[in-house]
2 protein chains.
Amino acid sequence: MLPRGRPRALGAAVLLLLLLLLLIGFFLFGGDLDCELSASWGVGGMGPYRLVEEGTPDDPVSPPQLLQVAIVCAGHNSSRDVITLVKSMLFYRKNPLHLHLVTDAVARNILETLFHTWMVPAVRVSFYDADELKPQVSWIPNKHYSGLYGLMKLVLPGALPAELARVIVLDTDVTLASDIAELWALFAHFSDKQVIGLVENQSDWYLGNLWRNHRPWPALGRGFNTGVILLRLDRLRQAGWEQMWKLTATQVLLTLPATSLADQDIFNAVIKEHPWLVQPLPCVWNVQLSDHTLAERCYSEASDLKVIHWNSPKKLRVKNKHVESFRNLYLTFLEYDGNLLRRELFGCPLGPELLQRALAQLDEEDACLEFRRQQLTVHRVHITFLPHKPPPPQPYDVTLVAQLSMDRLQMLEALCRHWPGPMSLALYLTDAEAQQFLRFVERSAVLSARQDVAYHVVYREGPLYPVNQLRNVALAQALTPYVFLSDIDFLPAYSLYDYLRASIEQLELSGGRKVALVVPAFETLHYRFSFPSSKAELLALLDAGSLYTFRYHEWPRGHAPTDYARWREAQAPYRVQWAADYEPYVVVPRDCPRYDPRFVGFGWNKVAHIVELDAQEYELLVLPEAFIVHLPHAPSLEVSRFRSSPAYRDCLQALKDEFHQDLSRHYGAAALKYLTALQQPRGPT
Amino acid sequence: MLPRGRPRALGAAVLLLLLLLLLIGFFLFGGDLDCELSASWGVGGMGPYRLVEEGTPDDPVSPPQLLQVAIVCAGHNSSRDVITLVKSMLFYRKNPLHLHLVTDAVARNILETLFHTWMVPAVRVSFYDADELKPQVSWIPNKHYSGLYGLMKLVLPGALPAELARVIVLDTDVTLASDIAELWALFAHFSDKQVIGLVENQSDWYLGNLWRNHRPWPALGRGFNTGVILLRLDRLRQAGWEQMWKLTATQVLLTLPATSLADQDIFNAVIKEHPWLVQPLPCVWNVQLSDHTLAERCYSEASDLKVIHWNSPKKLRVKNKHVESFRNLYLTFLEYDGNLLRRELFGCPLGPELLQRALAQLDEEDACLEFRRQQLTVHRVHITFLPHKPPPPQPYDVTLVAQLSMDRLQMLEALCRHWPGPMSLALYLTDAEAQQFLRFVERSAVLSARQDVAYHVVYREGPLYPVNQLRNVALAQALTPYVFLSDIDFLPAYSLYDYLRASIEQLELSGGRKVALVVPAFETLHYRFSFPSSKAELLALLDAGSLYTFRYHEWPRGHAPTDYARWREAQAPYRVQWAADYEPYVVVPRDCPRYDPRFVGFGWNKVAHIVELDAQEYELLVLPEAFIVHLPHAPSLEVSRFRSSPAYRDCLQALKDEFHQDLSRHYGAAALKYLTALQQPRGPT
């Protein structure tokens, strides 16, 4: 979705891209999105801005007030959690929101891309670097599973912009079951001295009687839980909060070795000393499902739960006789289609509504309207959905790049066995399918063992498969200098990863030579299939009729220029020439041209990419020992639609024509050969 | 899910079945589900019951009050609508609900099965026969698109149980955006004389100025909209409501030819005459998105919408600059996983919790726990999801029975071309996928043209594919005397439907002869494939190696007893004997044994069914001109799991062992041969 480094891209593709970037930029960086903000203000940092803080939230005629929410989030798994929390918040909210996310580099990378592409109206996001804040809390010994990040809520008054007077602070493991404006409204109950709103801790932990020799930190009675906090930042700063908590923590640490519950221990110790600071909140605003929870006292009397807090390390697997109901609420938002939250906020005009306008300008009578809409769709993207360790930088390393949807999940294990190197895979999924995918990986020993496979979820929207947009997401996230642009239903030769790296080194490609290494493609028609362990074995299978060159029966033009006859005998890489409809699988430098996103659905998506490589004068070199084999599957829905619908084929033709026009515009006379080639007599399409 | 007519089923299967029926029965017919109901009461009709009507809904300590909701619903499409409405209601509700559904036979059939299998705690459903009520309104000429059913809200005071004092009446095209208890609470604002609560009509319709010569029915000002009604049934009955509205309607019909807006015209005319009857409700309780809507006046000032009413005949396609937001809310519930609404109501104990107990009794250490859980899962079933016309009764007619999930949708068009007769198909889908399926059918000319294909949606839950439960749903819904038990990835010979009917007639099967007609199965490995138009062509392809007998390479035992060599030459049906692992595709009488639901996931699901046919002494007769051909596809996730997981294979073995034990228990010594057969040396598994 966010291509980078395209050196000389095609005209219309660039235009489309610019439009998308403009749209994305608009949603995050400009426009009068938050009803009551009259000035523009910094994002992505701590730039200066003005806020109108006081409002009348209960008055239905005044524009809804901007609410401020801060969350600390680090790593891949917490990023997924925070998205579920945000979905629950957005579902019920009726106010514009400003999210303040204190993140490590991993979470920032994920969440920045997510919010950029999510484009929820009247939501603004600012990021704060957790690593910069670390020194302020790293001196505190802490035994809590959340680690150092668990302590960072203490430093929010200093970390958040000085202009920010109030903020709601949420843990990543809470789920909202009501409108967060109701929580914000509780600020109005604060007395002049109160600075912190908290719900009582719903266990006996701080009473110190859970087990023998249990020595908790000091607290008022049962103490308070810090999963949900209302902070009067202005008053905390005035009161010298930083000195206050540091002093208290230092004193307690003279007698206790470490915090057990991170920031919560310190908040409680401070409150014990200065009880007038706290405004106790109704228990429904933080229903705690910890291991020793007494929360039932709260929710059995109040049918109206507001916030659920999964504060056991067991999270959703916690034992509790009502946990099924809580879990259903959590699953509701986990699986909720986040695209539906792009809805406009009533009483909060959308502003210029660029995307709407672009969509409105489409010709409703256009036979290819569905294609146009799909091209304009900005898909929500969740990069590195699962924990991922980037490969160590190596000059000849290659990432396998591919895209898939649910119906190809069963390919992943085999692919992992065949390709021991890094992979960058884009998955086109609904929110619910993303959870099925997660369980699928967790259940697979083969997949769980791999940290070098990056899975990027692109959320489904619209009827056509955005194949090239998916490829571009996977390509943009590849971190090695070279990429192998493959398809999910191919298995590489077991040796391919090593062989490619050796070839890149031998061919001295790292000097910036523009080369696309062709990996010859074959296919089997049998479900069960003994994969050839060498080129010799592959050739034997080919001679026995157990294997064919890829699409030999249906579409030989697609791979004819690879010259399989020559490949049989070849001992060294050999150069081949581009010809019409050529669509080989290639290894190219990471900064290669992007795929043309106009090609959605079935057809011509790879062909156009190879045309552009040729137009940019990439040499095509076939590797003599490389091969991949396509496994059989039923035709995809897209292929079926292509074959059965003349209108679909006409639209594809229209896309091709536009592609060629752009090609001429961009490459001038040199592009003539692509048009001429098309006009020659051809085989079946 | 709800098998019927199983003559002599196997022990454990029966036990499982009984448990399920017990559970289902419990949820609908018994138990103290509604917190405040102390007596049991009639369901599915108008039986006597006691209600505690007056409560204190705002008191958090008293158990939540039972709320009464009535909806009129007829036909397949309205049934889908009403489910979306109910989902939105259940999502926000915190009270037990009693739904009173006035339905035609189609809607009753669908909704009864749905609620039986949905098992939402603290929801009770009563059905009332709309056809019985028709005479009371059929005398009124009516031009509204809802037809006669549009008038039925008028007769609710008489149709609903005399004990029922208050009810909320909703149109099927409304969506709730808040807790219905808030609407119920508005009854408290009624004066002593008021009997009907209504929201003002949000268009100028009743002002009569929409176009020249527009003559609307009489109304107070803009009149009221009847998509959402609060009815004081007790007072209406006392006030002689029936006489009142009939008199008014008769009078107006002296000057106007018909009602334009059905019941709404008559309600308005009555209110015009007796304005003290109406309690006007806040506009947010019925935000009307009709073609000429003025609703923006309501929602632009109130950010807090409560009920959206899609009261344009264009429904979601209505033009309105805010429609995208409303649509997102609607889609939220359309695609919401209804299984999540099975959650317990806080403050409202679940009662005996039979299903929970059954689940709790499972051994957590059992290696096959996942299988046990899946077997106990009661799947929500939506029969005839799309409009369906049952085939006219014919003595030799055959329904093709099969099941599928999303990844096989592309088979449906080809299947329709190959099988011109009735089909009963079970689809295993999520709620969101069911909508994708709906769009898929709407877009396909081939599928839209067929009214004799019944699609039954079985909602997904759990990790294993409940293949036999799906087959049983499709089988139970087949309406012809014979069924062809097929699988979705097979295409029948073009002549098969006619040939089967002729064969049944010739073989005089209708006398109750226990015969299973075997349809020989073949397979192709090519995606593109020219389907043989005759047995001769099929044999030629077989000889040319373009076709094989089914699973010839992987599992020849599955079809060996069919004796393909004999079939080549056969001119007449011939009898074959059962042998171990035989799993032919057969045509049997509709009252054949059900599939054993213990087989979930991959393996042995058809084999066990054929064993039971044999145990029940069905003759196996191979038809000489019948054939089906399997098209290639990638192995399903289930097959992949089976192949890669020893634990999965062990569990399947355990299921098989239990099956054989039940077989012996049921059929005694006669069942010995099945065990013996298993112990013989065998081919690859």
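Heads up, I need the accessible area for A:Arg641: 1.4 angstrom probe, whole protein in place, Å², nearest 10.
Accessible surface of A:Arg641 is approximately 50 Å².
Tell me, how many Å apart are the Cα centres for the stretch B:479-534 and for the stretch A:514-535?
Using only Cα atoms, the two centres lie 39 Å from each other.
Given Cα pairs under 8 Å that are at least 6 residues apart, what percent is the relative contact order of chain B?
On the way: 1222 pairs, mean separation 92.9, N = 685.
The value is 14 percent.
Classify the stretch A:419-549 from the C-alpha gyration tensor, please: rounded if a/c falls under 1.5, else prolate or oblate depending on whether a/b exceeds b/c. It would help to have the intermediate numbers written out before the result.
Details: a/c = 1.76, a/b = 1.26, b/c = 1.39.
Cα axes put the stretch A:419-549 in the oblate bin.
When Rg is the radius of gyration of the Cα atoms in the stretch B:134-263 and Rh is its Kirkwood radius, what does Rg/Rh come to?
Rg divided by Rh gives 0.96.
Can you give the accessible area of B:His633, probe radius 1.4 Å, in Å² rounded to 10?
Per-residue accessible area (B:His633): approximately 30 Å².
What's the carbon and sulfur percent of the protein assembly as shown's accessible surface, probe 1.4 angstrom, rounded to a whole number? Write out the running numbers ahead of the final one.
On the way: 27710 of 51310 Å².
Carbon and sulfur: 54 percent of the exposed surface of the protein assembly as shown.
From the label point of B:Ala670, set 7 Å from Cα along Cα→Cβ, how far away are the matching label points in the other copies, in nm, ordered shortest to longest?
Ordered by distance, the counterparts are at 8.2 nm.
What Rg and what Dmax come out for chain A when only alpha-carbon atoms are used, in angstroms?
Cα radius of gyration and Dmax of chain A are 28.7, 88 Å respectively.
What number, rounded to the nearest 500 deg cm²/dmol, is the helix-based mean residue ellipticity at 222 nm of chain B, given -39500 (n - 2.57) per DSSP H run of at least four residues and division by all its residues?
Values: 24 runs with 237 residues, N = 685.
So the helix-based figure for chain B works out to -10000 deg cm²/dmol.
Could you run the numbers on buried accessible area between A and B, total for both chains, 1.4 angstrom probe, in Å² to the nearest 100? Could you put the intermediate results ahead of the total?
On the way: alone 28220 and 28160 Å², together 51310 Å².
Separately minus together, A and B give about 5100 Å² buried.
Please calculate how many Å² of accessible area chain B carries per residue, with a 1.4 Å probe and no DNA, RNA or ligand atoms counted. All intermediate terms of the calculation are to be shown ahead of the outcome.
Working: 25630 Å² over 685 residues.
It amounts to 37 Å² per residue over chain B.
What size of dipole, in debye to the nearest 20, comes out for the stretch B:449-601 about its Cα centre when the only charges are +1 on Lys and Arg C-beta atoms and -1 on Asp and Glu C-beta atoms? Let's see the in-between values first.
Details: 16 positive and 17 negative charges, 50 e Å.
About 240 debye.
Test of understanding: express the Cα radius of gyration of the stretch A:531-629 as a ratio to 2.2 N^0.38 Å, with N the residue count.
Working: Rg = 14.5 Å, N = 99, 2.2 N^0.38 = 12.6 Å.
That ratio works out to 1.15.
Report, in order of residue number, the helices in chain A meeting two criteria: a C-alpha extent of 20 Å or more along the helix axis, and a mean Kyte-Doolittle hydropathy of at least 0.0; treat each whole DSSP H run as one helix. Kindly include the intermediate steps, with their values, before the conclusion.
Working: long enough: A:11-29 (26 Å, 3.05); A:75-92 (26 Å, 0.10); A:646-667 (31 Å, -1.14).
Helices meeting the criterion: A:11-29, A:75-92.
What does the copy distance list look like for A:Ser534, label position 7 Å along Cα→Cβ, in nm and ordered from shortest?
Relative to the other copies, A:Ser534 has label-point distances of 5.1 nm.
What is the magnitude of the charge dipole of the protein assembly as shown about its Cα centre, with +1 placed on the Cβ of each Lys and Arg, -1 on the Cβ of each Asp and Glu, and no other charges, expressed in debye to the nearest 20? Don't skip to the end; give the middle numbers.
Values: 132 positive and 146 negative charges, 143 e Å.
For the protein assembly as shown, the charge dipole is close to 680 debye.
Other chains' Cβ within 10 Å of A:403-411 residues: what's the mean?
Details: counts 0, 0, 1, 3, 8, 2, 2, 9, 2.
Average neighbour count from other chains, rounded to a whole number: 3.
Roll a 1.4 Å probe over the protein heavy atoms and report the accessible area of B:Arg551 in Å², nearest 10.
Probe radius 1.4 Å; accessible area of B:Arg551 about 50 Å².
Taking only the alpha-carbon atoms of the stretch A:220-379, what semi-axes of the equivalent ellipsoid follow from 5 times the gyration tensor eigenvalues under a square root, in whole Å, largest first? Display every interim value, and only then the final one.
Numbers: eigenvalues 411, 112, 47 Å².
For the stretch A:220-379, the semi-axes come out at 45, 24, 15 Å.
With all pairs of different alpha carbon atoms counted, what Kirkwood hydrodynamic radius in Å does the stretch B:381-450 show?
Working: mean 1/r = 0.0766 Å⁻¹.
Its Kirkwood hydrodynamic radius stands at 13.1 Å.
Students sometimes get this wrong: rank A:Tyr299, A:Tyr548 by accessible area, probe 1.4 Å, all chains present, largest first. Let's see the in-between values first.
Numbers: A:Tyr299 5, A:Tyr548 60 Å².
The residues order as A:Tyr548, A:Tyr299, largest area first.
Let me know the mean shielding of B:331-344 by other chains, meaning the per-residue number of their Cβ atoms within 10 Å of its Cβ. Intermediate results must be reported in sequence, preceding the final value.
On the way: counts 4, 7, 0, 0, 7, 4, 6, 0, 2, 8, 2, 3, 9, 6.
Shielding by partners across B:331-344 averages 4.
When the gyration tensor of the stretch A:354-493 is built from Cα positions, what are the square roots of 5 times its three eigenvalues, in whole Å, from largest to smallest? Write down the numbers at each step before the final one.
Working: eigenvalues 185, 55, 35 Å².
Largest first, the stretch A:354-493 gives 30, 17, 13 Å.
Just to confirm the numbers: A:Ala579, label point 7 angstrom along the Cα-Cβ line, distances to the other copies in nm, shortest first?
In ascending order, 5.1 nm.
Which three extents, in whole angstrom, do the alpha-carbon atoms of the protein assembly as shown cover along their principal axes, largest first?
Principal extents (largest minus smallest coordinate, Cα): 87, 83, 79 Å.
For each pair in A:Lys94/B:Lys87; A:Lys87/B:Lys153; B:Lys94/B:Lys319; A:Lys143/A:Lys321; B:Lys514/B:Lys656, compute the distance between the two Cα atoms and list the pairs where it is over 27 Å.
Values: A:Lys94/B:Lys87 21 Å; A:Lys87/B:Lys153 38 Å; B:Lys94/B:Lys319 34 Å; A:Lys143/A:Lys321 29 Å; B:Lys514/B:Lys656 25 Å.
Violating the 27 Å limit, Cα to Cα: A:Lys87/B:Lys153; B:Lys94/B:Lys319; A:Lys143/A:Lys321.
The values are calculated or read from the model by the stated rules, or taken from the named source; none is laboratory data. Since we're looking at a predicted model, the values are computed, not measured. Cβ: placed from backbone, ideal geometry, glycine included. Neighbour counts: every protein chain shown. For the accessible areas, the whole protein counts, side chains as well, though only heavy atoms, and no ligand, DNA or RNA atoms are used. Shrake-Rupley method; radii C 1.70, N 1.55, O 1.52, S 1.80 Å.
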